[in-house]
Amino acid sequence: MFASVALLILIQISGVPVVPVTVTSRSPRVEVHELSDAELSCEFKTERETNPRIEWKKIDKDVSFVFYEGSFTGPFQGRADIDGATVRLRRVTQADAGEYRCEVSAVADSVKLGETNVTLTVLVPPQTPSCDVPSSALTGSQVELRCRDQHSIPPAKYTWFKDNRALPIRQPNATYTVNEFTGVLTFQTVSRTDTGQYHCEAKNGVGPAKSCPGTLMLIDDLNLAAVISGALLLCLLLLLCAFGVCYAHRHGYFSPVRYCRSFWIPQCHGAAHISSQNLNRTEHTQHSGYSHPPKEPQDFKHTQSFML
């Protein structure tokens, strides 16, 4: 160890350039179609090391080994080969896409570690997009038609068709707008002339374009007569309800006195209560020949007067 350090210092003092381990890639960015093979290039040169250690790692949220201690690991077992430091993956899928790092360790070199990164992109052709087309709308309303393919890589661009004729994305005085990146077709104010069969096409240059089935959209005029009739009927119902409330109020249906005559309601009479039935019974007994007990003589002094 001391000899290596002394040698490095001697080389630096003497001005001889130090050539550490160097690692490069012929293709730092690799794009392949799904289910095809991908080559991750890694080339290295060492200063003195004749048997460097080679490792491949995949850099995602977490770092995982691809090639470690002379063999492939995890999902790469049985479907990857290595030549020197270059790795070939067979039948790649979206799970293989991402950034990879090739690391070369040269213990005998003055700089003991070199590395390079390779980014793998797996291209996916368009899939049949999902389309949202309303079956009907009223004239003058705003209407949106949506088209989306969530699987294609790179993301697809969209074209809308009406009655099998493509709608231009940019057209002067057009009553609609098309966003080819989001797949949204917008009518600010639809008219009867916008009635037709609509479908959307997705393409990204990787595979053949795909389209959703056509859907018929009907544009109907607003029925003003029905709207006016409905408004008049609603006003009539409100007037009838108001009349009924006023009538009930004028005839005392909402007055608490009607309920105090036949039920015990302390709020109306306090602690005393005479029902309407008792009042009727008292009136009946007064007219049925019933006489009160005779009063005492002294009572006549106060209740009767005599004329001389």
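For the stretch 56-120, what does the alpha-carbon gyration tensor say about shape, rounded, prolate or oblate, given a ≥ b ≥ c as the root eigenvalues, a/c under 1.5 as rounded, and a/b over b/c as prolate? It comes out prolate by the Cα gyration axes. Rounded, prolate or oblate for the stretch 18-127? Axes are the square roots of the Cα gyration tensor eigenvalues, ordered a ≥ b ≥ c, and the cut-off for rounded is a/c under 1.5. It is prolate, given that a/c is not under 1.5 and a/b is the larger ratio.
Kindly identify the stretch 67-168 as rounded, prolate or oblate by the Cα gyration tensor criterion: order the square roots of the eigenvalues as a ≥ b ≥ c, call it rounded if a/c is under 1.5, otherwise compare a/b with b/c, prolate if a/b is larger, else oblate.
Working: a/c = 4.70, a/b = 3.47, b/c = 1.35.
Cα axes put the stretch 67-168 in the prolate bin.
Taking all Cα pairs closer than 8 Å and separated by 6 or more residues, the relative contact order of the stretch 132-242 comes to 31 percent. Considering only DSSP states other than H, G, I, E and B, which trypsin sites (Lys or Arg not before Pro) in the stretch 119-225 qualify as loop sites with at most 12 other Cβ atoms within 10 Å? Loop-located and lightly packed - Arg170. The mean sequence distance of close C-alpha pairs (under 8 Å, at least 6 residues apart), as a share of the length of the stretch 97-176, puts its relative contact order at 22 percent.
Here the 3J(HN,Hα) profile of the stretch 112-128, calculated from phi with Karplus coefficients 6.51, -1.76 and 1.60 at θ = phi - 60°, is 8, 9, x, 8, 8, 10, 10, 9, 9, 10, 9, 7, 10, x, x, 9, 4 Hz, Gly and Pro shown as x. What do you get for chymotrypsin sites (Phe, Trp or Tyr not before Pro) in the stretch 121-214 restricted to DSSP loop and a cutoff of at most 12 other Cβ within 10 Å of the site's Cβ? Those satisfying the criteria are Phe181. Since only Leu232, Ala202, Phe243 are under comparison, the one whose Cα sits farthest along the positive direction of the charge dipole of the stretch 165-249, derived from C-beta charges on Lys, Arg, Asp and Glu, is Ala202. My understanding is that a pair violates if its Cα-Cα distance is over 21 Å; which of Lys58/Lys157; Lys61/Lys203; Lys162/Lys203; Lys57/Lys112 do that in this structure? Those over the limit are Lys58/Lys157; Lys61/Lys203. Farthest towards the positive end of the charge dipole of the stretch 85-187, among the residues Leu113, Pro155, Tyr176, is the Cα of Tyr176, using unit charges on the Cβ of Lys, Arg, Asp and Glu. Amide H to amide H distances under 5 Å link Val111 with Val21, where only residues 5 or more positions off or on other chains count and H is placed in the peptide plane.
Averaging 1/r across all pairs of distinct Cα atoms in the stretch 123-206 and inverting the result yields a Kirkwood radius of 13.3 Å.
Since every read-out is calculated from the coordinates, none of them should be taken as a lab result. No experiment lies behind these values; they were computed from the predicted model shown. In this analysis, Cβ positions are derived from the backbone assuming ideal geometry, glycine residues included, and neighbour counts consider all displayed protein chains.
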